[in-house]
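Contents: one structure, followed by commentary.
A short reminder: the numbers here are calculations on the coordinates, not readings from a lab. Treat the numbers as computed from the prediction; the structure is a model and nothing was measured. As a convention, Cβ positions derive from the backbone with ideal geometry for all residues, glycine included, and neighbour counts pool all protein chains shown.
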Amino acid sequence: MKAAWGKLTPRQKSWTIAGTVALISLATGYGLAQLGESGQASADGAAATSACEDVLYWYDPMVPGQHFDEPGKSPFMDMQLVPKCTDEGAAAGVRIDPGLVQNFGIQTAPAEFGVLEPETTVTGVLAYNGGDVAIVQPRAGGYVQRTYGRAPDDVVSRGAPLVDILVPEWGGAQQEYLAVLGTGNEELASAARERMRLLGMPSSLISSVARTGRPHSTITVTAPVGGAITALGVRPGMTVMAGQTLAEISGFSPIWLEAAVPEVQAADVRVGQPISATLTAFPGERFAGRIIAILPSARDESRTITARAQLPNPGGRLKPGMFAQVSLASERREALLVPSEAIIRTGERTIVMVAQDEGGYMPAEVRIGREANGRIEVLAGLAPGENVVTSGQFLLDSEASLAGLDVRSVDEASAGAQRQGEAEEREPATYRATGTIDKIEPHSVTLRHGPVPRLDWPAMTMAFATEGPAQLRGFKRGDRVQFSFTQSEAGPRIVSIRKAGQ
């Protein structure tokens, strides 16, 4: 090495020394730069960590959904990971400067209790009361002597005569009975009476034969109930047998209403649900009733189900076959309601943006129910009085997603809603009206009353439950009355009633 150095000229020696110094300087500078960068990264991570008392995880603000257990550089961007602090998770989510709220068009509305009454209008047809049908049959066979001019669709009252039937075998049995009575043998007379009963003779006829001493072999068949003759299978001169159907009588007070409900609304219909009907035959008048059955099959041609309701029909004003417009009122119940526009449906869950203090907004998951008239029922996830965002909520939801905020679950929502709902027992409201008594029954009264503005009721005829016969003592049909009543799930109930003008 020394021999080689000695052979260099002075100029070559100076260039060699300068190159060596430059290489050493370059290596030293690179090392210091790396050390400084590493120190700065460590300092940044330490500073970020020291800003949190407890770190939940680290994340890249540009990819907030990805969480990391350790600090360091983001694998997505050329930047350091940011810590998510425990106290930050408890803070009020997205914050907006109060001065910018109006510029963003953010509006809120409180969640409050109210009554949601979605109403559905469908068509219906009045029909005979299928639960009030009587089949008329003779007790014995014979010959038809008289039919009293009856025809199908005639309206008859209970006990009205329908047909006279001559029963030849009754004549012989009655003659034998009269002969036995003449002998004074009570044992034989008792056996003869039993034979006549077995032949189908009513006890009243047997007593009449014994009293008058004359046979009576013709029986008059009467209507067992009042109603319309919907089927008549007997004519004068016919021969009939015991048990043969002579006529069918169907009642129509109360009358049935068959309403065709679209299949998509089938879930909103239930037995016991109140309905009101309007008919072209009685313009301006409403008839109230309740659903008594939902038929088990849908109609293929119209995709509707049939809801069967029952309406009072005093005096038989309503006729089977009449067409009706039917309003199906859902169950009146108080619920926690918010405006429909406050709801954000993500496809996986339903959320609202809840306004908090100092311009904070927190996403909260909710469970919703029915919707009507621009409001929607909140079943869980909100407490009464919480303000939800009704305009600009999608902007806030986007900001919350970018910030990686957790959505408040239904279970985390305040339990105050349930406690308040259970604690507050509201007294039932009392309503007043004036009307005319149409029908009095042991535990109800049917009234033709005027409008009830507080319930949005027009003038109509409907039945009201009463406390019993004593409450209506001294009243009669046609009386003009003033009354007060309450409205509940079971229907309207009379609280007080007095004659108008007293």
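Net charge near residue 459, counting Lys/Arg +1 and Asp/Glu -1 over other residues with Cβ under 11 Å of its Cβ? Around residue 459, the surrounding residues sum to +1. Electrostatic bookkeeping for residue 240 treats Lys and Arg as +1 and Asp and Glu as -1; over the other residues with beta carbon under 14 Å from its beta carbon, the sum is +1. Taking 7 Å steps out from each Cα toward its Cβ at residue 158 and residue 185 produces label points 4.4 nm apart. Between residue 225 and residue 70, the modelled labels are 8.6 nm apart [label points 7 Å from Cα along Cα→Cβ]. Once Rg and the Kirkwood radius are both taken over the C-alpha atoms of the stretch 176-218, their ratio Rg/Rh works out to 0.93. Sorted ascending by nearby beta carbons within 10 Å, beginning with the fewest, 382, 232 become 232, 382. Residues in the stretch 334-345 carry Karplus couplings, in order, of 6, 8, 7, 10, 9, x, 4, 6, 6, 7, 10, 9 Hz; the curve used is 6.51 cos²θ - 1.76 cosθ + 1.60 with θ = phi - 60°, and Gly or Pro positions show x. Remark: the residue 169-residue 208 segment gains 12.3 nm on full extension, using 0.36 nm per residue and subtracting the alpha carbon distance. With R₀ set to 41 Å, the beta-carbon distance separating residue 137 from residue 281 gives a calculated FRET efficiency near 0.70.
Length gained on full extension, residue 391 to residue 242, computed as 0.36 nm times the residue gap minus the Cα-Cα distance: 45.8 nm.
For the pair residue 268 and residue 440, the difference between a 0.36 nm per residue extended length and the Cα-Cα distance amounts to 58.7 nm. The three principal axes of the Cα atoms in the stretch 430-499 give end-to-end lengths of 30, 24, 16 Å, sorted in falling order. For residue 348 and residue 235, the FRET efficiency from 1/(1 + (r/R0)^6), where r spans their Cβ atoms and R0 equals 56 Å, is about 0.20. Amide hydrogen proximity for residue 390: with H placed 1.01 Å from N in the peptide plane, the residues at 5 or more positions away or on another chain lying under 5 Å are 107, 108, 109.
What does the C-alpha gyration tensor say about the overall shape of the stretch 249-329? Classify as rounded when a/c is under 1.5, otherwise prolate if a/b is larger than b/c, or oblate. Since a/c reaches 1.5 and a/b is larger than b/c, the shape of the stretch 249-329 is classed as prolate. In this structure the amide hydrogen of residue 328, modeled in the peptide plane, comes within under 5 Å of the amide hydrogens of 120, 121, 122, none closer than 5 places in sequence on its chain.
Amide H to amide H, with H built 1.01 Å from N, residue 160 comes under 5 Å of 223, counting only residues 5 or more places away or on other chains.
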